[in-house]
Every structure is written in C-alpha cells, then in structure tokens.
C-alpha cells in the first residue's frame, strides 16, 4: 500500500481590493468644489453680500472650465463625471444666479419676478439636457462644427444674466437694480440658451503661432485689470461676449456654405466617373415595352 497523501489546504491569494484610479477622482473632486462654490454663493446672497456671491460663481465657472481639461489630460473621463458635471452646472449657473437676482431685486416684482426667474432656470435645464444628448451623438457632427456651441453655454449665460448686478457695483446702481432691466436680461439670456444660434466654443479654438505672444501679453493685461477694477472689467467682457454672437453666426454660416459646396462638387465628380446607364437592369424599358405591360 502506498503512502497516503497528506491533505494540504490550497494556498489562495488574498483578493485585492478594487479601487478607483486617482486620475478619475481628481476631476470629480474639482467638480464638487465648483458645486460647493455655487452653493456658497447662495449663502452670500442670503446675507446680502452680493459681491462675494458673484465671485463665488466665477470661481465655480473657473473650476468647471478646468475639470474637463484635467479629466482629458489624465485620461480620467467617465460617464459618472459627465453626469456630475451637468448637475453641478445646473445648480451653479442655473439655480444660483436666479436666486441671487430674486433676492437682489426681482422679489419686489411679485409673482412676475418669480415667474421670470423660473423661466431662466427651466431654460438652463433644457439647454443642459440638449447639450448632453448632442454630446452622445458628437461623432455624427461634421468636422467644421466642433468649434461651436448650439446656444449660449450655461457658464456664459450665468455671467450674462448677472451683468446688471456686476455693472451696478460700479455704475448706476439705481438703474441696473430696476426689475424691468433685470427682466430683459432674464428673458434674453433664457432665449439665447435654448436657441439654435451657433456660438463660439473657445475651448477648441486653435491659436496661430504668431498670435501666441500677443495673446499672452493680453492675458497679462487682463489679469491686471481684473485685480485693479474687477467689476468693470467683467462687465466689459460680458458686453464683448454678446458682441461675438453675430460673428459666430456669420462664421458658422460661411463654413456651412463651403461644406455644402464641397459636397456638391464631390457628388458631381462621382456622377461624371460613374458608367452610363445602358438600360440592361430593366429600369429603363422603352415606351413600347411599357405599353405592352
């Protein structure tokens, strides 16, 4: 009889805990910081510290502009991050500016003031929902359309709708704080968000090599003005952005016409190269054949 083999328990490796890579966490943390900045702006508004509230919203906009770039740089993009970013945008650039304007002056307009505030928030939600659906079908867009948004994006809309408040910090506070003036901005910006107007997407624009140095100098000068006179500088930037909307529409239409012309020329060239129809396929019978059927 052979020796019996001793029972030896199998050595199993200790299972490793599955974790989330750091490159996927950092962009989401930045998005959460932007959300916290937007909610903090509401706190400042309740205390009637509107200058701090506006600065908190611009901080949220800066973080919102960086989180996507950081995610792409670290290769940490995810569906969770995209949904979180959309929800943060709705709070920071939809709900928060509307509440600030209502606390600032629109509460004196009664039910109409609240209705206009709701209009802005609803249009912001619709704009973000449309943007998410377009993002899913981004591969279907033509190459020349990637440098444009459809309508005004939510961060820019927040800056535009707060323009009366920003300008009131420096000039004519009695005029800009009137509910009819703020109502014009609420309705106008809400319409721009849900419109089909193409607006420049500065995220994907390329700067020519010869313009890099002047651009850097301009950014330095802009930073100096933001430090010395922030509210007037932000107000002027808002007015300049409004002025770019017609140029964006003109540029988009020009590229669209050029693309259509190229497509027509390509179709014409393919038609010339295709062999002539000899009628052997049965689709081009003569009149006598057709009468006999």
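Please treat every number below as a calculation from the coordinates, not as lab data. These numbers come from a predicted model, not from an experiment. Cβ coordinates were reconstructed from backbone atoms using ideal geometry, including for glycine residues, and neighbour counts include every protein chain displayed.
Listing for the model above:
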read-out: Spin-label model distance (nm) - residue 229 vs residue 73, 7 Å beyond Cα toward Cβ; value: 3.3
read-out: Rg ratio (alpha-carbon, reference 2.2 N^0.38 Å) - the stretch 23-271; value: 1.10
read-out: Kirkwood-Stokes translational diffusion coefficient of the stretch 39-110, alpha-carbon pairs, 20 °C, 1.002 mPa s, µm²/s; value: 161
read-out: Cβ-based exposure ranking for 232, 165, 73, in which fewest neighbours within 10 Å come first; value: 73, 232, 165
read-out: Ranking of 265, 49 by count of other Cβ atoms within 10 Å, fewest first; value: 265, 49
read-out: Residue order, fewest to most beta carbons within 10 Å, for 124, 36, 92; value: 36, 124, 92
